[in-house]
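> Next up is a structure, given as structure tokens.
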Amino acid sequence: MKVHYRAAAGLAVLAMAVAACGGGGGTENKQPNAEQSKQAQQQMTETPIISINSVPYAQVKDGGTLTLAIGQWPTQWNGNHVDGNQADTATMLDPIMPQLMMADENATFTPNKDYVTDVKNDMSSGKQVITYTLNDKAKWSDGTPITWKDLEAAWKANSGENKKFKPASTDGWDKIESVVKGDSDNIAVITFKKPYSEWQGLFNRGTSHLFPAEHIDTPEKYEKDYLQKIPVTAGPFKVESLDEGTKTLTLVRDDNWWGQKAKLDKLIYRAIPDPAAEVNAFANGELDAAEIAAGAPADLKRAKEVPGAEIRKSLSPNWRHITVNNQSEFLKEKEVRQAVQYAINRDVITQSDLKDMEWPLQTLGNHVFMNNHKGYVDNSGDLGKYNLDKAKQLLDTAGWKQEGEYRKKDGKELALTFVIPTATPISQTEGELTQAMLKEAGIKVTIRPVPVDKFFNDFIIKGDFDLVPFSWIGTPLPLGSLPQIYKTGSESNFPKMSDPEVDAAIQAAVDEMDPAAAITKANEADKLIWDRVHTIPLYQRPEIFATKKTLANWGARGYKYYDWTAVGFTG
């Protein structure tokens, strides 16, 4: 999964929602009734799985410039690295870096013929062996052929064996026994120590794009070669300029590209951290599309009024949540974390974030599967329900006694920090709602805004928070999120939860080759994750874009990976 924290503009419901938190558990009246839940589920089934204005390649006009916005400007362009594991970074790498397998809107993977002409998954030897036959025309922008050595380097860097590398996730990589040359340099034979059911997610944006071995085969290169620069690419586009001053990436068609010619002449990405400013730029004609984030009904309304615009929305594997630091001073005890969970009314936050967004008001009851996934089960149990009395009881039992407005123990006040990025009003609102809710339980919350460009690397990764809201951007292969986010020692296990029972349940799920059994085991692991309060899920995140009507093959993509050669305009 990729991390994404950018959210929405101001909320009209803030005053109402905060007021509902007062008065001794007044949030209870915000719990959805059975009819509301039924309506939300019906809305979920009616939401499309993809909306990109699909147009045949031949009907897309040749030429043109597409200008888009991203929320955060990266410093680390190596998507394997924990610092580079961001949705915006992956978005900008898609047109310029290899993906060996591509997913469609139904989450079905097929080989990307521009890079691999054949992929075989063989179990006949008693071990899983994947053989990639690489396209012999495929080469890096420095003229070096793409070979089996690039796949080997990715495995060695991301396997977790060498602790000097800092991968976002070792999942899948740590199951590989060897990567060797086949009959030629363009044949890579990968043998797994244990079967890995989600192997299709390797070597694409599901984990990371393929990078040249020459630039990731040592910890120093892995760390520095793509730091604030993109030295080598291999896609239908290449880098024309990377401007740190204006935070703009400009891509142009690569004349050395061996595949189908890209329709666009140029692709420009501009960093615009403020979602409202992004919509303004779209309305003013500076952008060809804009993301409409949760909690921004005014932005949605304005975008709808732009002449020649249309709204594209779809279900996606993305979700909003609050991460709970299991290692911070006041949250090390499970009872305290559970008290925090009980004291937070997820329905109030969800209704606040999604009000007037034309999106189902349905909380998420699972850390692995989205509401519309066949594996979805609401595993939240009692912990998913607002219960102020239970929160107070747990805190009393843990020795945190009410003294005035807040609770104290051994002379210390129970005080938490809610870290948010600047220029994200929805995070501010979520913080204020949480602050008001937890105050009812006797927990003091201080909202701590930090620079948007430092929020992820300097605070989330380093564990400098108690509570923090952001979004996970999922993939068509959801089981990979289990070890990446929740397993002991993973660089992306930001709360630093360490629990042998959880680890064993995760391992059982990802080792299971039968899809139905794997879903069952993943849900068993999810129940444990709820109990430990690693993360508080809020809702399946809307994927909504306003675009020019003439923009083809781009928009709310759901599970699908873009074919950047076919993106363009019809008029």
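> Could you tally the net charge around GLU223, taking each other residue with its Cβ under 10 Å from the Cβ of GLU223, Lys/Arg +1 and Asp/Glu -1?
With Lys, Arg at +1 and Asp, Glu at -1, the net is +1.
> Just give me a number: lysine pairs in the range 359-412, eight or more positions apart or cross-chain, with C-alpha atoms less than 29 Å apart.
Step by step, the pairs that qualify in the range 359-412 add up to 15.
> Right, another one. Sequence gap at least 6, Cα distance under 8 Å: using those rules, report the relative contact order of the chain to the nearest whole percent.
RCO, the chain: 25 percent.
> Restricting attention to the range 260-301, which GluC sites (Glu not before Pro) occupy a DSSP loop and are surrounded by at most 11 other Cβ atoms within 10 Å?
Listed in order of number, the matching sites amount to none.
> Please work out whether the range 444-567 counts as rounded, prolate or oblate from its C-alpha gyration tensor, where a ≥ b ≥ c are the square roots of the eigenvalues and a/c under 1.5 means rounded, while otherwise a/b larger than b/c means prolate and anything else oblate?
The shape class here is oblate.
> Using DSSP to define loop residues, name the trypsin sites (Lys or Arg not before Pro) in the range 415-516 whose beta-carbon has at most 11 other beta-carbon atoms within 10 Å.
LYS462
> Separate question: Taking a ≥ b ≥ c as the square roots of the eigenvalues of the Cα gyration tensor of the range 97-224, is the shape rounded (a/c under 1.5), prolate (a/b larger than b/c) or oblate?
It is rounded, given that a/c, with a ≥ b ≥ c, falls under 1.5.
> Just to check I understand the Karplus step: with θ = phi - 60° and J = 6.51 cos²θ - 1.76 cosθ + 1.60, what whole-Hz values come out for the range 463-472, glycine and proline as x?
Working through the residues one at a time gives x, 8, 6, 9, 10, 8, x, 6, 10, 9 Hz.
> If you don't mind, another one. Can you give the helix-only mean residue ellipticity at 222 nm for the chain, where every DSSP H stretch with n ≥ 4 adds -39500 (n - 2.57) and the sum goes over all residues, rounded to the nearest 500 deg cm²/dmol?
Rounded to the nearest 500, the figure is -7500 deg cm²/dmol.
> Given axes a ≥ b ≥ c from the Cα gyration tensor, I'd like to know whether the range 190-348 is rounded (a/c under 1.5), prolate (a/b larger than b/c) or oblate.
oblate
> So, one more: From the P(r) of the range 337-417, can you give the percent of Cα pairs sitting at distances over 20 Å?
Tail of P(r) above 20 Å: 48 percent of Cα pairs.
> The range 353-438: which GluC sites (Glu not before Pro) are DSSP loop and have at most 10 other beta-carbon atoms within 10 angstrom?
GLU405
> Can you list residues whose amide H is under 5 Å from MET102's amide H, if they're 5+ apart or on another chain and H is modeled 1.01 Å from N?
THR110, ASN112
Every number here is computed from the coordinates shown, using simple stated rules; none is lab data. These numbers come from a predicted model, not from an experiment. When we count neighbours, we look across all protein chains shown, and the Cβ atoms used for this are built from the backbone with ideal geometry, even at glycine.
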